[in-house]
Amino acid sequence: MIGAVNGALRRVPVWAVYLAGLLPLCWIIWLTLAGGIGVDPVKAIEHRLGKVALWFLIGGLAVTPLRRIAGLNLIRFRRALGLTAFLYVCLHALAWIWFDMGLLWAQAAADLVKRPYLLFGMVALALIVPLALTSNTASVRRLGPAWRRLHWLTYPAVALGVVHYLWQMKVISTEGWLWAAALAGLLVLRLPGLARLRLV
Ligand code: HEM
């Protein structure tokens, strides 16, 4: 059964995953233009982009455990998942600085002080930038074993993203706990891998 699924997945071109990754963005743009995004469009855009970023970040982390535990091979799509996550984190941060802060840097700095969870998001983004820049095949070859160590940063980056998400809620919702549980589960599943890399 899983062999058939993997066989079918092998026929899916990677570009289809990039294309599918753009669908939530098209949906957000469509809702905005059609006036259906809600009473507070800026907040809604910000929140929707952040949530999509989270889907792809967690999805990217799930690739290896899914292969190990269920035999599902999505490795070919991992780079697309990661880069799509990066796109949404950038757009999410851009929505904040542009629509919310009106590109006023002093106001943005004041907002960071007022809402420290934004700093967690910023650090998460800062960690993801080198990962996105070195996600190409040439970097994988050039960096060798250092590439794996660098890409281990995915874990703290996603963890910071999740903390940022939970912290911005006044009361953590059921959905929030589910995301936290998903992250915790994925981190635990990766512990043997981390041990092999001598990082824990
Ligand atoms: C890995 C990085 C990040 C992830 C995964 C992430 C994810 C999220 C999520 C899921 C939400 C709430 C969505 C909802 O409740 O529906 C959110 C809220 C927010 N995020 Fe991020 N975010 C990240 C980085 C950033 C960065 C770099 C900034 C820019 C400073 C930022 C600014 C915000 C703002 C302004 C809100 C709304 C807070 C509020 O309404 O009070 N985030 N983020």
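Reported count of residues in the stretch 87-99, each being open to solvent by 40 Å² or more (accessible area, probe 1.4 Å), within 9 Å of the ligand (Cβ to nearest atom) and out of contact with any Asp or Glu (no Cβ under 7 Å at 6 or more places or on another chain), is 2.
Residues that are surrounded by fewer than 19 Cβ atoms within 10 Å (Cβ to Cβ), of a type in the set (Phe, Trp, Tyr) and either modelled with pLDDT of 95 or more or not in a helix (DSSP H, G or I) (or both) do not occur anywhere in the stretch 68-80.
Scanning the stretch 41-68 for residues that are more than 9 Å from the ligand (Cβ to nearest atom) and more than 21 Å from residue 19 (Cβ to Cβ) returns 41, 42, 45, 61, 64, 65, 66, 67, 68. The condition of being touching a residue at least 24 places away in the same chain (Cβ under 8 Å), on the phi > 0 side of the Ramachandran plot and away from the ligand (no atom under 12 Å from the Cβ) holds for only one of 71, 102, 35, that being 71. For the stretch 105-121, the candidate set comprises residues that are under 19 Å from residue 169 (Cβ atoms), surrounded by 13 or more Cβ atoms within 10 Å (Cβ to Cβ) and of a type outside the set (Asp, Glu); within that set, the residue that is nearest to the ligand (Cβ to nearest atom) is 121.
Taken over the stretch 19-67, the criterion of being polar (S, T, N, Q) and closer than 18 Å to residue 94 by Cβ is satisfied by 32 alone. When residue 102 is tested against (1) within 30 Å of residue 137 (Cα to Cα); (2) open to solvent by less than 50 Å² (accessible area, probe 1.4 Å), just one condition goes unmet, and that condition is (1). Could you tell me whether the stretch 172-183 includes any residue that is at pLDDT below 95 and either surrounded by 11 or more Cβ atoms within 10 Å (Cβ to Cβ) or out of contact with any helix residue (DSSP H, G or I) (no Cβ under 7 Å at 6 or more places or on another chain) (or both)? No; the residues of the stretch 172-183 include none that is at pLDDT below 95 and either surrounded by 11 or more Cβ atoms within 10 Å (Cβ to Cβ) or out of contact with any helix residue (DSSP H, G or I) (no Cβ under 7 Å at 6 or more places or on another chain) (or both). Within the stretch 14-42, being assigned to a loop (DSSP other than H, G, I, E, B) and surrounded by 13 or more Cβ atoms within 10 Å (Cβ to Cβ) holds for 37, 38. Among the residues of the stretch 131-163, the one identified as assigned to a loop (DSSP other than H, G, I, E, B) and either among the charged types (D, E, K, R) or surrounded by fewer than 12 Cβ atoms within 10 Å (Cβ to Cβ) (or both) is 144.
The values are calculated or read from the model by the stated rules, or taken from the named source; none is laboratory data. A quick note: this is a predicted structure, and the numbers were derived from the prediction, not measured. So basically every Cβ, Gly included, is an ideal-geometry build from the backbone, and we count neighbours across all protein chains shown. The accessibility values were calculated without ligands, DNA or RNA, using every heavy atom of the protein model including side chains. Shrake-Rupley method; radii C 1.70, N 1.55, O 1.52, S 1.80 Å.
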